[in-house]
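Report on the structure given below.
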C-alpha cells in the first residue's frame with residue numbers, strides 16, 4: 001500500500017470517527033470530552049506515524065486538518081479562529097512535528113541499544129559514518145578491482 005493510499009484510507013476512518021465522537025463530546029463533561037478526543041488523537045494519528053516521514057505536504061496538511069477538527073471539537077473553537085493557540089492550549093504538537101518526534105525517539109532508542117536489532121543495524125552516528133568514510137579514502141586502492149592499463153591500449 002502506498003503512503004498516499006494509507007493516508008487517504010486513514011483520513012476516511014478518522015473523519016467518520018470524529019463524527020461519531022461529536023455526539024459523545026456534546027453529552028459529556030469538558031474533562032471527559034478532552035480525554036476521549038485525546039485518546040482518539042494519540043491512537044489514530046500516532047499509530048505507525050513514523051511511516052509518514054517524508055510524505056508530501058498535501059497529504060500532511062490533510063492529516064493536520066483532522067487533528068485541527070478534533071481540537072475544535074474539544075474546545076468549541078470556530079473554524080474561522082486560529083488553530084495554533086488551541087493546539088498549544090491542549091498541548092498537542094502539529095502532525096509533522098509528531099512524526100519527526102517519533103523518528104527522533106526511534107533513532108535515540110536504536111543508538112542507545114533499546115530497540116529491535118533490525119532498527120539498530122540501520123542507525124549509525126554521523127560521526128562514525130564520517131570516520132569510516134575518511135579511513136576508506138586514505139586506504140590504498142585495491143588494484144585487483146581495476147583492469148591492467150596495458151589492456152586498455
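Pull up the stretch 32-41, narrow it to residues that are touching a helix residue (DSSP H, G or I) at 6+ places or on another chain (Cβ under 9 Å) and without any contact (Cβ under 8 Å) to a residue 40 or more places away in the chain, then point me to the one that is nearest to residue 119 (Cα to Cα).
In this case the residue turns out to be 40.
Part of a helix (DSSP H, G or I), closer than 18 Å to residue 99 by Cβ and at pLDDT 85 or above: is that true of residue 44 in this structure?
Spelling it out, it is not the case that residue 44 is part of a helix (DSSP H, G or I), closer than 18 Å to residue 99 by Cβ and at pLDDT 85 or above.
Select from the stretch 73-110 the residues that are more than 25 Å from residue 50 (Cβ to Cβ), buried (at least 17 other Cβ atoms within 10 Å of the Cβ) and at pLDDT 90 or above and list them in ascending order.
Across the stretch 73-110, the qualifying residue is only 86.
Pairs please, first residue from the stretch 15-31 and at positive phi and free of Cβ contacts under 8 Å to residues at least 60 places away in the same chain, second anywhere and part of a helix (DSSP H, G or I) and exposed (fewer than 11 other Cβ atoms within 10 Å of the Cβ), Cβ atoms under 7 Å, 6+ apart in sequence or on different chains.
none
Pairs, please: C-beta under 8 Å, at least 6 apart or cross-chain, first residue at positive phi and modelled with pLDDT of 80 or more and in the stretch 115-126, second in a helix (DSSP H, G or I) and exposed (fewer than 10 other Cβ atoms within 10 Å of the Cβ)?
From residues that are at positive phi and modelled with pLDDT of 80 or more, there are no pairs.
Quick check: is even one residue across the stretch 91-111 within 24 Å of residue 10 (Cβ to Cβ), in a helix (DSSP H, G or I), touching a residue at least 12 places away in the same chain (Cβ under 8 Å) and over 14 Å from the mean Cα position of the chain (by Cα)?
Checking the stretch 91-111: not a single residue is within 24 Å of residue 10 (Cβ to Cβ), in a helix (DSSP H, G or I), touching a residue at least 12 places away in the same chain (Cβ under 8 Å) and over 14 Å from the mean Cα position of the chain (by Cα).
Does residue 31 satisfy the criteria of being buried (at least 18 other Cβ atoms within 10 Å of the Cβ), over 13 Å from the mean Cα position of the chain (by Cα) and modelled with pLDDT under 85?
Judged against the criteria, residue 31 is not a match.
The values are calculated or read from the model by the stated rules, or taken from the named source; none is laboratory data. For clarity, every value in this text was computed on a predicted model and none was experimentally measured. Ideal geometry is used to build each Cβ from the backbone, glycine not excepted, and the neighbour counts take in all protein chains shown.
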